[in-house]
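Beneath this line is the structure, given in structure tokens, with notes to follow.
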There are 4 protein chains.
Amino acid sequence: MKIGFFGVGNMGGPMAANLAAAGHDVTAFDPVPALREAAEESGVHTTDTPADALAGAEVVISMLPSAAAVTGLYLGDDGILPRIQPDALIIDCSTIDAATSRRVAEAAAESGLAMIDAPVSGGVGGARAGTLTFICGGSEDAVERARPILDAMGKNVFRAGPPGAGQVAKICNNMLLAVHMIGTAEALQMGADHGLDPKVLSEIMRVSSGGNWSLEVYNPWPGVMPNVPASNNYDGGFGVNLMNKDLGLALEAALATRSATPMGALARSLYASHANQGYGNKDFSSILALFKRKDD
Amino acid sequence: MKIGFFGVGNMGGPMAANLAAAGHDVTAFDPVPALREAAEESGVHTTDTPADALAGAEVVISMLPSAAAVTGLYLGDDGILPRIQPDALIIDCSTIDAATSRRVAEAAAESGLAMIDAPVSGGVGGARAGTLTFICGGSEDAVERARPILDAMGKNVFRAGPPGAGQVAKICNNMLLAVHMIGTAEALQMGADHGLDPKVLSEIMRVSSGGNWSLEVYNPWPGVMPNVPASNNYDGGFGVNLMNKDLGLALEAALATRSATPMGALARSLYASHANQGYGNKDFSSILALFKRKDD
Amino acid sequence: MKIGFFGVGNMGGPMAANLAAAGHDVTAFDPVPALREAAEESGVHTTDTPADALAGAEVVISMLPSAAAVTGLYLGDDGILPRIQPDALIIDCSTIDAATSRRVAEAAAESGLAMIDAPVSGGVGGARAGTLTFICGGSEDAVERARPILDAMGKNVFRAGPPGAGQVAKICNNMLLAVHMIGTAEALQMGADHGLDPKVLSEIMRVSSGGNWSLEVYNPWPGVMPNVPASNNYDGGFGVNLMNKDLGLALEAALATRSATPMGALARSLYASHANQGYGNKDFSSILALFKRKDD
Amino acid sequence: MKIGFFGVGNMGGPMAANLAAAGHDVTAFDPVPALREAAEESGVHTTDTPADALAGAEVVISMLPSAAAVTGLYLGDDGILPRIQPDALIIDCSTIDAATSRRVAEAAAESGLAMIDAPVSGGVGGARAGTLTFICGGSEDAVERARPILDAMGKNVFRAGPPGAGQVAKICNNMLLAVHMIGTAEALQMGADHGLDPKVLSEIMRVSSGGNWSLEVYNPWPGVMPNVPASNNYDGGFGVNLMNKDLGLALEAALATRSATPMGALARSLYASHANQGYGNKDFSSILALFKRKDD
């Protein structure tokens, strides 16, 4: 298929490359020349004019860093929405607030265009390996149309509900992730403070009712698991600043509906405090540092 | 083997029965006549004199509701410790604070007796079905000696470390359980407040990085899973009052080592508030009520 | 002075009346006819055309319920900013987010107009009695120009800093208010749970290091103080929904600067949960209900 | 009067000295020779035998660091309770858990002796200056008998209720103190993050509804107030470790009555985390560090 792709940074770059590798005809726009060059090398056509990426595009995909960027791309003064061809499908993979997602999808619908929000989980590694998970919001029909395209970039595609629901489901998930990661870190530290071996304690809790994804594949205690950030000085992985961005979106969503999220709100403040201590670019499992003893 | 069993209530009763069914010669003591009668009916010998339960016992097991009861049984004025035969093994299955466990185990050691703490998870259902998990603290040798006995009452036996470590591991686990249950409940409610279907959201998070035991086998939203307390008016299961007891033990353990447990401490207060609203005897997944809207 | 006043609801109505009573020539606009009628009866001229309220106005005052309303009034398609006379001073008394305040003030500055944000504390009672506190953001010069006008409606005028600073200071204050109110409520309940008389305990803490405004003038325990909402079934006063609005603004401000506010964030969730239990229209000191025992 | 005084450390030393300076005949016991020497130099008689301090004593005062020390002194194998003369009054000024206070007071009552718990606030400075506050638990009669003695060491004497109530009231107060100190620190940091001057913001909140003891006399922001620990590198004052001890007592009290104290519990964990970062011996207002930015 002919695909226009907007935003080929850390995430969008390998995603577009995987689409090209699967045989699609991908033309990408990005304002940064170096990113366009990298995309060219991976088999993606590029252009420095947004309109050119739209020429003949049956599918439009965007992967941008903020709600303002998404709004600007589609609805701005030179927004692309009016120039997208009538029967095209729009897939926005950016992680942004649900209200903006809904607003842009409504504007698309008014122009007769189907649009879904499809934020991803899986990180840069998943983008490269083509193993991302897409959490979609949009009509059943639109999500089904998107599925073969998404399959070329990932391994799981979920439909959470109508437009915006993908964003809500993703931040609910990431809020819960932050909560059980912190809970796991403090449980392991308390056990260690009482003389237990964190590896043994991890194994017991993993197979008991304390079990969760952090214990299963992302243990925060250095040395318990190989190949996780905790065993690599907390480098790589999912950064504290990115987690803070998602927790900020979660809190805004909670404010919008007056939802009570005491655990999520506490997680947000603990991660903000952690970032302020200088850990912003470390993996989010480094939250363990908040519980360790400097005087020991 | 010849086993003396102390405490045949909701948990101890079926545990002793399973030992008898496995061919062991079990004599149980309990101060409550009705509990002794029920035990008799399940194939367990009983006695109203603690000393009689010790006669010839190669293994002594206790399942009592509080640290005071455990201390009284072993170390009280008429404590049984001096009367246990020299080569016997002591297994205390009560969930109590680690400090008391260590103290009693030390007194046993001074009398030349091996003792382990082996608190359980799995509840009354697990006790009846013989599928309990035992989380043990004690020497490797003592835990190995206990294993065949424990296998007759459960399906998993873990050794967490030296005496007291079983208690620490169990409350670490249950603290983490409380944290991810509340986190799950608030994430589901926030999703629902935004119009998502809790069943769909549960499934997405279950297989994503938010995944945890609550989503896997104990979903707190009514109707998402059959055969869980949430789908049965929150009856049965693991009561809020029992969770509060365990969270109290967790907080005491945190105080003892000056461990910081912000998520666990918040969970304790939320469950205390929940109990005060009248939910003390409901299943602990009923914490969802704290996030629902009465005015909707 | 000639004053154009926009928004004569619960707060703006008595504020405009006090200005008129002080001898100012006040013309008010409000889209709601009943509010205009009430304003007329209090000595304020009214108009159903915004432009008419601006005719000759040396001072423009607005008291509106949301950032959207403020943005619409000044910057909307028919916004009044272009029609305000060049040397006029703009005073926005609405409680909104600081970012919006700064944005509108910048637009005003570009039009050559001085503008301050001057959110109030003191509630409807203070508005009627003319005893409000104004917390201002704007240049020193602009705040000094506003002072005699504000003095006619209140008894305290503070300058917190440049444009937007009034909003920030107000929500910092209200966040801290929520924190010590909840802290006071839980301390009193814990004391009562241990058999202490809340009145005696209140008095001890009031004059000790626990002392705070809640204990001083707004005790949350029924009967400790006369003439406070707690002694009047939590009616009147500052509603839970309004506190939630301010805590929402505080959280948004914290997100904007990545500030860690664990106590404020917890307060937000506890008040959200409290509102969801049906207390939205009760006074905010009713948060005590979260700690009381229904089963006692 | 003839007074036996047990424990002349940092607090007890100057307290005993003030009693002697007021003309009382004070004999002190302390196991540490250096402390006895210091007491001698301040006009207090000393002895290395507890019994000698009791000879003829009409009043017995203790100021000890832990519940175990208090229990040992009065109820231990060589406990002094049986040797105190029948009509003497016992005043325990130690800060310990209420349950122990009640237990020792009951034992005293069984021996026919009146006893009060009278924990203090005011710190070492208040002990030296004779300006302590005593928060008493005991019968009205016993507290009245104690009052002239306490007046020689402090300036405020409160009766909180029956035995143990002094301890409860003190930890309620200190829990609330921790809550508003943290709340104040995070509000000031959030204001500063938005460009406000912490001194100006402090003054606005101090006289508004955010007002509390921390803002009034103990501002945590360096330089806002002279003569507070924050302006002296957080040296002196009330140490983080001592605050953690009191918060631990508060949490234990909450567990004993199943009271929900979300703010107090969070304060405990934040102070524990803060101590673990190496601030244990700094003043408790140094909690501001948890909110500052290392990367700025």
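The values are calculated or read from the model by the stated rules, or taken from the named source; none is laboratory data. Nothing here was measured: the structure is a model prediction, and the numbers come from that model. When we count neighbours, we look across all protein chains shown, and the Cβ atoms used for this are built from the backbone with ideal geometry, even at glycine. The area values use the complete protein model at the heavy-atom level, side chains included, leaving out ligands, DNA and RNA. Shrake-Rupley method; radii C 1.70, N 1.55, O 1.52, S 1.80 Å.
Counting only residues at least eight positions apart within a chain, or on another chain, the aspartates and glutamates with an alpha carbon under 14 Å from that of D:LYS2 are D:ASP25, D:ASP52, D:GLU58, D:ASP87. Total buried accessible area between B and A, probe 1.4 Å, nearest 100: 4900 Å². Backbone N atoms of the range B:132-148 closer than 19 Å to the 7 Å Cα→Cβ label point of B:ASP87 belong to residues B:141-148. Based on protein heavy atoms only, the range A:168-290 ends up with 26 Å² per residue of surface accessible to a 1.4 Å probe.
With R₀ fixed at 51 Å, the C-beta to C-beta distance from D:LYS2 to B:ALA109 puts the FRET efficiency at about 0.55. Couplings for the range D:77-83, taken from phi via the Karplus curve 6.51 cos²θ - 1.76 cosθ + 1.60 with θ = phi - 60°, read 4, 10, x, 7, 3, x, 9 Hz in order; Gly and Pro are left as x. Here the calculated FRET efficiency for D:LYS199 and D:ASN10, from their Cβ-Cβ distance with R0 = 51 Å, stands at 0.95, rounded to the nearest 0.05. In this simple spin-label approximation, B:ASP151 and C:GLU144 carry label points 7 Å from Cα along the Cα→Cβ vector, and these lie 9.0 nm apart.
Remark: label point of B:GLY223 defined 7 Å out from Cα along the Cα-Cβ vector; separations to the same position in other copies 4.4, 5.1, 6.0 nm, ascending.
A Gaussian network model of chain D, with springs between Cα atoms under 10 Å, assigns the largest mean-square fluctuation among D:GLU252, D:GLU140, D:GLU110 to D:GLU110.
Convex hull volume of the Cα atoms of the protein assembly as shown, normalised per residue: 186 Å³.
Sketch the reach of a paramagnetic label on D:VAL217 as a point 7 Å from Cα along Cα-to-Cβ, and name the residues of the range D:147-170 whose backbone nitrogen lies under 15 Å away. Of the residues in the range D:147-170, D:154-158 have backbone N under 15 Å from the label point off D:VAL217.
Here the Gaussian network model covers chain B, with springs between Cα atoms less than 10 Å apart; of B:MET15, B:MET153, B:MET225, B:MET225 fluctuates the most. Once whole DSSP H runs in chain C are found, which of them have Cα atoms spread over 30 Å or more along the helix axis and a mean Kyte-Doolittle score of at least -1.0? Once both thresholds are applied, what remains is C:165-193. Between the label point of B:ALA22 and that of the same position in each other copy, find the distances and list them shortest first in nm, with every label point placed 7 Å from Cα along the Cα-to-C-beta direction. Shortest to longest, the spacings are 5.3, 6.7, 8.4 nm. The relative contact order of the range B:2-162 comes to 19 percent, based on Cα pairs under 8 Å that sit 6 or more residues apart. Between A:GLU41 and A:ALA68, full extension at 0.36 nm per residue minus the direct alpha carbon distance yields a gain of 6.8 nm. Per-residue shielding of A:159-170, expressed as the average number of other chain Cβ atoms within 10 Å of the residue Cβ, stands at 5.
Of D:ASP117, D:ASP246, D:ASP193, the residue with the greatest mean-square motion in the GNM of chain D, using alpha carbon springs below 10 Å, is D:ASP193. Pairwise alpha-carbon distances in chain B exceed 37 Å for 20% of all pairs. With label points defined 7 Å past Cα in the direction of Cβ, position C:MET1 shows copy-to-copy spacings of 6.2, 6.5, 9.0 nm, given to one decimal and shortest first. With the cut-off at 1.5 for a/c, could you classify the range D:2-162 from its C-alpha gyration tensor as rounded, prolate or oblate? Rounded.
Evaluating kT/(6 pi eta Rh) at 37 °C and 0.692 mPa s, with the Kirkwood radius of the range B:152-249 over Cα pairs in the Stokes-Einstein relation, gives 218 µm² s⁻¹.
Counting only other chain Cβ atoms within 10 Å of each residue's Cβ, the peptide A:275-287 averages 3.
Give, as ranges by residue number, the residues of the range D:151-169 whose backbone N falls under 11 Å from the point 7 Å along Cα→Cβ of D:THR131. Counting only backbone N, you get D:155. For the rotation carrying D onto C, the chain D residue whose Cβ lies nearest the axis, with the distance in whole Å, reads D:ASN212, 2.
A Förster distance of 56 Å, applied to the separation of the beta-carbon atoms of C:ALA256 and D:ASP77, puts the FRET efficiency at 0.35. Electrostatic tally near C:ARG159: other residues with Cβ closer than 13 Å to its Cβ, Lys and Arg +1, Asp and Glu -1, net -2. This model, with +1 at the C-beta of Lys and Arg and -1 at the C-beta of Asp and Glu, gives chain A a dipole about its Cα centre of some 740 debye.
In the structure shown, the pairs A:LYS294/D:LYS282; B:LYS170/B:LYS245; B:LYS199/C:LYS245; D:LYS170/D:LYS245; C:LYS199/D:LYS170; C:LYS170/C:LYS282 are assessed against 19 Å; a Cα-Cα span above that value is assigned to B:LYS199/C:LYS245; C:LYS170/C:LYS282.
Keeping the other protein chains in place, figure out the carbon and sulfur percent of the accessible area of the range C:105-248, with a 1.4 Å probe. On the range C:105-248, the fraction of accessible area on carbon and sulfur atoms equals 50 percent.
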